[in-house]
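I have placed the structure first, in the form of structure tokens, so that the comments after it can refer back to it.
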Amino acid sequence: MRKLTTFHRSAADAAPIVLTGGTIHTLEDGPSPEAVLVYGADVVAVGTLAECRAAAADLAGELRTVDLGGATLVPGFIDAHAHPLMLGQMMTWVDCGPERAGSIPEIVALLREAASRTPEGRPVRGFGYEHRNLAEGRHPTRHELDEVATDREVYLMNASGHGGVVNSFTLALHGVDRDTPDPQGGVFFRDADGELTGELSDAACNVLTGLHGVKIGHHGPNFHLADEPEEHLRQLAAAQERFLAGGVTTIGDAQVSRRELDMYLRLAAEGGLHTRVSMYLLSHLLDEALEMGLHAAFGNDVLSFAGIKLYADGTLGGWTAYFPDGYVGDPCRTGQLYHQPEEYADLIRRAHAVGLQTATHAQSPTAIEMVVAAIEAAQAERPDDDARHRIEHCGLPTPEQIDRMAVAGIWPVNQPQHHYNWGEGVTAAVGTPGERFNPLGEFAKAGVPVTISSDAPVADPLPMEAIQAAVTRVTRRGVTLGPASLAITAEEALRAHTINAAHAIGREDDLGSIRPGKRADFTVLAGDPLAVPSDEIASIDVLQTWVGGVVRHTKETSA
């Protein structure tokens, strides 16, 4: 993998800063140090307080001491798979997640209240529901959303992000009726009598986003609904603050089209990009990337191009992941592959041939097999022992596939908050095998690097919650999912969200741990995730988030 060449911020106007007075986890070999010395954007010394002060004597500017007050300093969290613009857009919608609504009437009430505050004619949009978490155990219907409004669009997005439910007005507006055929790669769901229920998935969401919003060819979904560019900028800026509040300093944007790229460039030009972003272009842009010579990581230490994002199948939460024999919960549903295996293998081969990292969404064993086999074939044609091809989510790999991933150097990027939020739903969908959802412990045992992330907005960018879910495997409903062998230790989980995530995006030379020469990206925690009981990790507050030696977030405290 050709890693990004980064550039240091000038320290000409900087003054040295020493952080001390707390627990410091560098995630480097050796004992925990007493202090860390920062100069400009970088860490310049790690060791005893006396050693750091001595090193500061050779630097220009007056030394400033930051007393951690007993807090815990860790490397800034890296969220290797997220969708920031989509998160920002969701932040302007109605939160209908499990903490706000436990039943369909409660969802309808939330949306109806929002409709009363929304100007006439403007759509009403909600997000975050997972039907297996609702009292009814099913999706809402268009008739229930008609109780919100009959004169405007009402759209309730499923927590998976791969579909949702619309009201009757929306279907009629776009000319969708009981005789409308399902689009390739999507479904307009119908009841036993053939009537539309209002539920739609994947490419059927084209009615909301336009053909270029959801699916371009067979290259996967992009569910960002179009807004004015200035609104998108506000959404991206707001999402960035949410990541910083969670202690996240670097984001891997796993779904970048021209729209996202333009927003990042504009925000960076305005000096408003305060997190680091590694961009993965959607695979329909592969030809353009190859033609422009983007054959390696490219950019600066704040905004960079990292690789190509592909889709093998859909989502477990939305029952669009590919199970050719049908779902246990509904044998009539099989989900889908976004590519035929030969077509997909050619995309991987072309990217691999020039040294481009790929990151493929794959959840089912069948989809994961397509990915692993394609990478093995590409490696056989042009061996590269550091290609670091990724499998995003990688929810239900077989043990045999995990062993092959170890040999091929494949990096899975998982989201423990997925099994925290709807682990029981996966077992309901696919049966007992669903208890292995996110088998992080099996990865670790096989020597496959473990990387965890949020997939925001599918889950909130809360690394402490993700770490606890990885360690305990206890769901939101209090159910322990699968045997203890599927869990990992707190230290493994901390590494998975920092240094391992840095490897996953090709930034381990300057991010992911605390050592001289690396960026001064830190998260200051109110407690030590390696010392508290595992079921208390998620309750640890993020006190500060530092990016490049600058405090970008401080927790507000009540007087």
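The values are calculated or read from the model by the stated rules, or taken from the named source; none is laboratory data. On a predicted model such as this, the values are computed, not experimentally measured, just so you know. Ideal geometry is used to build each Cβ from the backbone, glycine not excepted, and the neighbour counts take in all protein chains shown.
A compact table of results
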| quantity | calculated |
| --- | --- |
| Odd one out for Ala135 among (1) buried (at least 17 other Cβ atoms within 10 Å of the Cβ); (2) under 25 Å from Val458 (Cβ atoms) | (1) |
| Unique residue being in a loop (DSSP other than H, G, I, E, B), outside the structural domain of Gly246 (by TED's automatic domain parsing) and surrounded by fewer than 18 Cβ atoms within 10 Å (Cβ to Cβ) when the list is Pro119, Pro105 | Pro119 |
| In the range 290-308, residue surrounded by the most Cβ atoms within 10 Å (Cβ to Cβ) [restricted to those that are out of contact with any Phe, Trp or Tyr (no Cβ under 6 Å at 6 or more places or on another chain) and closer than 15 Å to Asp253 by Cβ] | Ile308 |
| Residue check, Glu28 assigned to a loop (DSSP other than H, G, I, E, B), outside the structural domain of Ala490 (by TED's automatic domain parsing) and in contact with a Ser or Thr (Cβ under 6 Å, 6 or more places away or on another chain) | yes |
| Wholly enclosed strands (runs of 3 or more DSSP E) of the range 515-559 bearing at least 3 residues within 16 Å of Ile499 (Cβ to Cβ) | none |
| Test: Val458 is touching a Ser or Thr at 6+ places or on another chain (Cβ under 8 Å), hydrophobic (A, V, I, L, M, F, W, C), over 27 Å from Pro31 (Cα atoms) and surrounded by fewer than 22 Cβ atoms within 10 Å (Cβ to Cβ) | no |
| The one condition in (1) more than 16 Å from Pro75 (Cβ to Cβ); (2) at pLDDT 95 or above; (3) hydrophobic (A, V, I, L, M, F, W, C); (4) assigned to a loop (DSSP other than H, G, I, E, B) that Ala15 fails to fulfil | (2) |
| One residue from Glu153, Glu144 being farther than 30 Å from Gln415 by Cα and either among the basic types (Lys, Arg) or modelled with pLDDT of 95 or more (or both) | Glu144 |
| Criterion: in the same structural domain as His352 (by TED's automatic domain parsing) and at pLDDT below 95 - qualifying residue of Glu392, Glu424 | Glu424 |
| Single residue of Ala269, Ala289, Ala312, Ala254 found to be out of contact with any Cys (no Cβ under 9 Å at 6 or more places or on another chain), without any contact (Cβ under 8 Å) to a residue 12 or more places away in the chain and of a type in the set (A, V, I, L, M, F, W, C) | Ala269 |
| Residue match in the range 259-271 (condition: surrounded by fewer than 19 Cβ atoms within 10 Å (Cβ to Cβ) and within 30 Å of Phe189 (Cα to Cα)) | yes |
| Within the range 487-502, tally of residues that are surrounded by fewer than 22 Cβ atoms within 10 Å (Cβ to Cβ) and in contact (Cβ under 8 Å) with a residue 40 or more places away in the chain | 2 |
